[in-house]
Amino acid sequence: MELTIFGKPCEMAEGGSVGQWLKDNAPEDFKKYLAVELADGTVQDLFAPISASQAVKPLTFEDEAGRRVFFHSASHLMAMAVKKLFPQAKLAIGPAIENGFYYDFDIDESFSQEDLQKIEKEMLSLAKKSIRPVRSTLARREAIAKMEALGEPYKVELIQDLPEDAELSFYDMGDFVDLCAGPHLPNLSYIKAFKLTQVAGAYWRGSEKNKMLRRIYGTAFPSKDQLAAHLEHIEDMKRRDHNKIGRELEYFTTVDYIGQGLPILMPKGTKVIQILERFVEDEEERRGYLRTKTPLMAKRDLYKISGHWDHYRDGMFIMGDPDDEAAEVFALRPMTCPFQFQVYLNRTRSYRDLPMRLGETSTLFRNESSGEMHGLIRVRQFTISEGHLACTPDQVEEEFRGCVELAQFFLGAVGLGDDVSYRFSKWDENDKEKYIGNPEDWESAQNEMRKILDDIGIDYVEADGEAAFYGPKLDIQIKNVHGKEDTLITVQIDFQLAERFGMVYIDRDGEKKHPVVLHRTSIGCYERTLALLLEKYAGAMPTWLSPTQVRVLTITDRQDAYAKSVEAALRAASLRAECDLRNEKIGFKVREAQMEKIPYMLVMGDREAEEGTVTVRNRKGDNVGTMPLSEAVALIKKANDEKVLD
RNA sequence: GCCAAUAUAGCUCAGUUGGUAGAGCAGCGGUUUCGUAAACCGCAGGUCAAGGGUUCGAGUCCCUUUAUUGGCUCCA
């Protein structure tokens, strides 16, 4: 049998393993190899026999796939420790995740912090025992019997749901056995450093109808240094958390008696959002959008037409008794579409009116479940750069492309262009209740959208069950400092609501036809975008977005009058300037401005006041130079106007 | 909604087995007028998230509620 390892051909006997070969040929560092990737991309145990000639890749912790094996084994190590300390705990599942692993247990009492420490200690002593995971397979009936004998009902359920012909593999680790597809590390002693980071509840099989299990999250590394570096990285990310710096820097706050998901935007947060709104509105006007301003609420009759009443009622704030058919019941709007459609419906439209592009800076209300609110990212009232385009079928591709390009333009301007990923969100054909329309329409809409996406040539992943209830979406996704992904921007194709609302145009041939409607945001939800900008820049907003762009600092109060005149000149140049005239040491004032992430400081003493100059410092601490005031104004104005991402 | 953790001055935090609420920074009033990481003196600031309970006595123990944070589920 001929194998290729590290690109070099080598001979191997039948039943030989890559692990053995490495041990024989590279004994000094063979312990860094965790598993092996076969030519077809599957990963197997390092010491599992190779069945055919092929090129293989031994995986280390540096490889994504290798890391997953490492984390997966670490989750088993944790399950071993838990079973030893809490024999009554039932095992559910324990996969690797992006930066670690978790394992779900069914146990009455939750795990406390002390429990976690005990488990870590037990893991340490188990890891030192040098246990080799041993793989075996069983027939279905025996597998079920084995798991029933061990008293593991969740494992039994998992086996029962696997296909009839699936190979059921088990891993023995000392006196611990688990149903597991593997692969695993050659030896659990490879796991040198780990930390159990938190406990959380998680539904069995991810369904809220099922029992809630206790999940323990952890992370693991081949060395203590790597663990320390990882934990340090997490701390770093937490320091960028918009929820922390956004409150510290007074961008927003919350008040317990106002309620969850209803943040108070302070002057700084409001300023950034205002800058973004003006930027978006002006750019959209340049691109042929017309602006509208529509009501924040409507009678339920409107939502019955749009489908919201049947498909989105739980997400709405309703005023009045929804069960009283005779009463006049209102609801705050969760989406703008049915309102903005009325602009189109106001009179008969011709094909000459299309495409019609409508934009609105639109405030929406969604009654999210109480556990789901998160800083400025997930709130109950928010404002989005909303828009709807009505077009003919042959205009769809160009208009869709225009929406994507506009979104990319804004993302680039604020500096988030490289931080996003694209998701093609489709419906879930097994859950038709959630959607309106028939399967044929969904298929054709999705095929059309896929074709457009491919034509545009963007990289995207497809996701089932993520569509809006009326159509498929292109979602532009971004991750926050905790690694959690959210939708920042969305562009949707809707082949259904136009018909529901009776939106038509008179085509060239004199026939009435329904336009295709695109729903889209251009910079998304302003609150969410602000949150992600705060995290991206750790609060140090680019000059053009900074609530305060320049602060004037005096050495003594002899310069106060000059400082006020400088501030006035800066404001006259449309720069957001303020003075700090307190009798504090200049070093203190500078440091405070830096802590507040103000881009520029103009420092002045007697000399500057006499000469009419200022000494410019930036927030990094660089002294840019002493120059005439007009030069300093030009310098800062340039950064503002060019929207540089300093 | 579910599983957890948390809530003490504007901020960061102390507060012993239940016995009169504390510090630093910020703020305010003076003094000081100083060149890049913190001048000096003084003052004020709290229904310990809210409500109930146990107790002679609760920041501390118990219950309920609210909010914040991390997950699950759901979504811009």
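The values are calculated or read from the model by the stated rules, or taken from the named source; none is laboratory data. On a predicted model such as this, the values are computed, not experimentally measured, just so you know. Please note: Cβ atoms are built from the backbone with ideal geometry, for glycine as well, and neighbour counts cover all protein chains shown. For the accessible areas, the whole protein counts, side chains as well, though only heavy atoms, and no ligand, DNA or RNA atoms are used. Shrake-Rupley method; radii C 1.70, N 1.55, O 1.52, S 1.80 Å.
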Task: Neighbours by Cβ (under 6 Å, 6+ apart or cross-chain): first from region A:229-251, on the phi > 0 side of the Ramachandran plot; second at pLDDT 85 or above - done: A:E250/A:M266; A:E250/A:K268
Task: Single residue of region A:178-206 satisfying the filter (in contact with an Asp or Glu (Cβ under 9 Å, 6 or more places away or on another chain) and of a type in the set (G, A, S)) that is most open to solvent (accessible area, probe 1.4 Å) - done: A:A181
Task: Of all residues making up region A:144-168, the number that are open to solvent by less than 40 Å² (accessible area, probe 1.4 Å) and in a loop (DSSP other than H, G, I, E, B) - done: 3
- [ ] Would you point out the residue of region A:207-234, among those that are open to solvent by 70 Å² or more (accessible area, probe 1.4 Å), part of a helix (DSSP H, G or I) and not basic (K, R), that is farthest from RNA strand B (Cβ to nearest atom)?
- [x] A:D225
- [ ] Can you run down the residue pairs with Cβ atoms below 6 Å, 6 or more apart or on separate chains, where the first is in region A:586-601 and over 19 Å from A:L635 (Cα atoms) and of a type in the set (V, I, T) and the partner is within 10 Å of RNA strand B (Cβ to nearest atom) and open to solvent by 20 Å² or more (accessible area, probe 1.4 Å)?
- [x] A:I586/A:I555
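The rows are residues; the columns are (1) open to solvent by 30 Å² or more (accessible area, probe 1.4 Å); (2) among the small types (G, A, S).
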residue	(1), (2)
A:G66	no, yes
A:F71	no, no
A:A79	no, yes
A:Q88	yes, no
A:A96	no, yes
A:F101	no, no
A:M123	no, no
A:V134	yes, no
A:E142	yes, no
Task: Residue that is least open to solvent (accessible area, probe 1.4 Å), among those in region A:600-628 that are within 9 Å of RNA strand B (Cβ to nearest atom) and of a type in the set (D, E, K, R) - done: A:E608
Task: Flag for A:G261 being open to solvent by less than 30 Å² (accessible area, probe 1.4 Å), modelled with pLDDT of 90 or more and at positive phi - done: yes
Open item on the list: Against the conditions (1) out of contact with any Lys or Arg (no Cβ under 7 Å at 6 or more places or on another chain); (2) among the aliphatic types (A, V, I, L, M); (3) within 16 Å of RNA strand B (Cβ to nearest atom), where does A:L358 fall short? Just the number, please.
Closed with: (3)
Open item on the list: On the basis of being at pLDDT 90 or above and not aliphatic (A, V, I, L, M), does A:R617 make the cut?
Closed with: yes
Task: Flag if A:R287 is surrounded by fewer than 18 Cβ atoms within 10 Å (Cβ to Cβ) and either in contact with a Leu (Cβ under 8 Å, 6 or more places away or on another chain) or not charged (D, E, K, R) (or both) - done: yes
TODO: Give the residue, chosen from A:T60, A:T42, that is more than 19 Å from A:F221 (Cα to Cα) and either in contact (Cβ under 8 Å) with a residue 12 or more places away in the chain or open to solvent by 50 Å² or more (accessible area, probe 1.4 Å) (or both).
DONE: A:T42
- [ ] State which residue is nearest to RNA strand B (Cβ to nearest atom) when the search covers only region A:568-585 and only residues that are open to solvent by less than 20 Å² (accessible area, probe 1.4 Å) and free of Cβ contacts under 8 Å to residues at least 40 places away in the same chain.
- [x] A:D580
Open item on the list: Looking at region A:290-311, can you tell me whether even one residue there is within 30 Å of A:T197 (Cβ to Cβ), among the charged types (D, E, K, R), open to solvent by 10 Å² or more (accessible area, probe 1.4 Å) and over 23 Å from the mean Cα position of the chain (by Cα)?
Closed with: no
Open item on the list: For a quick check of your reading of the model, give me the residue pairs whose first member lies in region A:348-368 and is acidic (D, E), whose second is assigned to a strand (DSSP E or B) and within 16 Å of RNA strand B (Cβ to nearest atom), with beta-carbon atoms closer than 8 Å and at least 6 apart or on different chains.
Closed with: A:E360/A:E386; A:E360/A:G387; A:E368/A:R378
Task: Hey, A:K597 within 15 Å of RNA strand B (Cβ to nearest atom) and within 26 Å of A:Y251 (Cα to Cα) or not - done: yes
